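The next block holds one structure in the form of structure tokens; read it before the comments.
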Amino acid sequence: MRLLYVFGLILAVRLASVFIVQTYFVPDEYWQSLEVAHKLTFGYGYLTWEWVQGIRSYVYPLAIAAIYKVLALLQLDSVEWLVLLPRLLQALLTTYSDYRFYVWTGKRKWALFLILVPWFWFYTGSRTLANTLEASLITIALSYFPWHGEGTAYLWPAAICCFLRPTAAVIWLPLAVYHLRKSRLSVVELILKRFVAIGLLVAAAGIAIDTYWHGQLIVTPWEFLKYNIFNNIGSFYGSHPWYWYFTAGLPTVLGINTLPFVFGLVQTVRKSEKFPISKQLLITILVTLVVLSTVEHKELRFVSSLQPLCLYVASDVLSRWSYRATRTKLWLAALSILLLNALPAWYFSTIHQKGPIELMPKLRNIAQEYRDERDQRANILFLMPCHSTPYYSHIHENVTMRFLTCEPNLKQLANFKDEADRFYDAPASWLRRHIPVHPRTALPSHVVLFDSLADKISEFLTSYKLLHSIEHAEVNKLSDSQALLNEWSSVLGTNPPNITSLLQFVESRTGKAILVYQRLKSGEENAFNRQEFQDAEPVIEPEALPSENQFN
């Protein structure tokens, strides 16, 4: 198959994902890349606590900021371009990494097929996530790894990857040991002249960039490890049982591709002499999963970098199986893999959690056009779980906005609760203490919230009218899964997570729709929830608390 044709095919799929994937996945897609780049380029925006504490590197956001700067100089910095071009940049890098995967696997058709169809890679491959960048760099590095002969070109993308995402070093440790064992070069020469030299050059460049932009001498990989691993700050954002990556995390990322991967795993273990590369990759996968499992906070995206390793194992065994399989079996296997990847890719890319993406153009119009009776611009209050939406990068207007923050307990305070938790404990009380109601123009001009919250703050919303209702996602209880989890945990001798209580907590803060309210202007009659509010039982007021305006 011609390489140019292959590259064009991969490029077409990745570019398609840029336009098809229009849903919200995780906050880091925006708050650790686009929002940082927007702040650097245009001088206004919001930096989360990670940037204040210096645990993030500016290298990736600077690449996006360079795009923003060019757009600004050309006076083409519309929101559409600010959102689209960074995703196109990531899609191009993903395209190149997929192409290198195809080359690495010996230009096998199964390899090309398996790298193109995974639902999770289609869903995340064009997102501006550090994890997507990590997976791409790892794939590129693996394609240059000296599986046969000598070579150290892989060390450059591997070193960059480890600097940006220090946990990636877990993947490269067993591979480095493998390289040392098989290389004809002496261990001392390979370590000092290759590993250390390239590592120091990449680290020096990264430290110089971060020191300049953070304004002080800083080693961000060390700060990352100190906060997230040694101080276990990540557990503040949720924890999972140790076996989660084995039973849920990696199987979910692989989807139906778990079956050919397990097939490849079994064949490699049984006949390891026939699959030397797959054998080493399986060792790397196992070591990585074991190490990551020791960290309480776990997410699907943290194992997305293992996907190319798993797909190599799958493609290796499928290519050998194809030689003796009938045409019917080949087509049946390919169509099954394609269909069972296409369905979740379509659902998660176009339907699930689409609300935040559809919300932002409406807020942008409000930010551009709204003026109150005093000719003041919009000020928008997000009463949602923190980082539930993109922010200034998708509005690109310097208007006042506020959201409920969720910084972790960095000072180790007793009985600590972040702002979002304090709000959801008593929403109406929090609003009375933090949002002034007199005069009416002191209220936020717009309030954004999930529909599940509206009834709880109905009194506050009597000063507003409903402007937009945007479909978000179906929120279903999975209580039936608790019995299965209990059974598994009993076998493994661990305490099961209470998924029912977890989902109730999530459901109380999200919902099926996102609502946008606009403050009533003088002379407007408010009919929203008025009768319901009048008929409601009187609320016993807590002790009077001093009114404090913390909106601005």
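A compact table of results
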item	result
Accessible carbon and sulfur surface of the chain relative to its total accessible area, %, 1.4 Å	61 percent
Stretchable slack from Ser429 to Leu339, in nm (0.36 nm times residue separation minus alpha-carbon distance)	27.4 nm
Cβ crowding within 10 Å averaged over residues, with 327-334, 239-246 ranked highest first	239-246, 327-334
The chain - Cys residues lacking any other Cys C-beta under 4.7 Å	Cys161, Cys162, Cys310
Relative packing of 278-285, 94-101, 346-353, which averages over residues the other C-beta atoms within 10 Å, highest first	94-101, 278-285, 346-353
Local electrostatic count, Arg14, Cβ distance below 14 Å [Lys/Arg +1, Asp/Glu -1]	+2
For the range 3-349, the spread of Cα positions along each principal axis, largest first, Å	62, 49, 43
Two-site FRET efficiency, Lys274 against Lys107, from Cβ-Cβ distance with R₀ of 25 Å, rounded to 0.05	0.80
Cα centroid separation, the range 156-171 to the range 92-130 (Å)	19 Å
Student exercise, the chain dipole from Lys, Arg, Asp, Glu Cβ charges, in Debye to nearest 20	2820 debye
Estimated distance in nm for a label pair at Ser458 and Val188, the labels positioned 7 Å out from Cα along Cα-to-Cβ	8.1 nm
With DNA, RNA and ligands ignored, accessible area of Ser78 (1.4 Å probe; Å², nearest 10)	40 Å²
Solvent-accessible area per residue for the chain (1.4 angstrom probe, square angstrom)	47 Å²
Neighbourhood charge, 12 Å Cβ-Cβ cut-off, centred on Tyr154 and excluding it, Lys, Arg +1 and Asp, Glu -1	+1
Alpha carbon centroid spacing (whole Å) that separates the range 310-364 from the range 417-469	41 Å
Of the DSSP H helices in the chain, those whose Cα atoms cover at least 24 Å axially and whose Kyte score averages -1.0 or more	3-20, 79-104, 197-214, 276-293, 327-350
Radius 11 Å from Cβ of His214, net charge of other residues (Lys, Arg +1; Asp, Glu -1)	-1
Length released on extending from Ser319 to Asp421, taking residue separation times 0.36 nm less the Cα-Cα span	31.5 nm
Highest-first arrangement of 108-119, 9-20, where packing means the average Cβ count within 10 Å	108-119, 9-20
Computed label-point distance, nm, for sites Thr211 and Ile20 using a 7 Å Cα→Cβ extension	4.6 nm
Theoretical gain in end-to-end length, Val262 to Asp375 [0.36 nm per residue, Cα-Cα removed]	34.3 nm
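The values are calculated or read from the model by the stated rules, or taken from the named source; none is laboratory data. These numbers come from a predicted model, not from an experiment. So basically every Cβ, Gly included, is an ideal-geometry build from the backbone, and we count neighbours across all protein chains shown. For accessibility, only protein heavy atoms count, side chains too; no ligands or nucleic acids. Shrake-Rupley method; radii C 1.70, N 1.55, O 1.52, S 1.80 Å.
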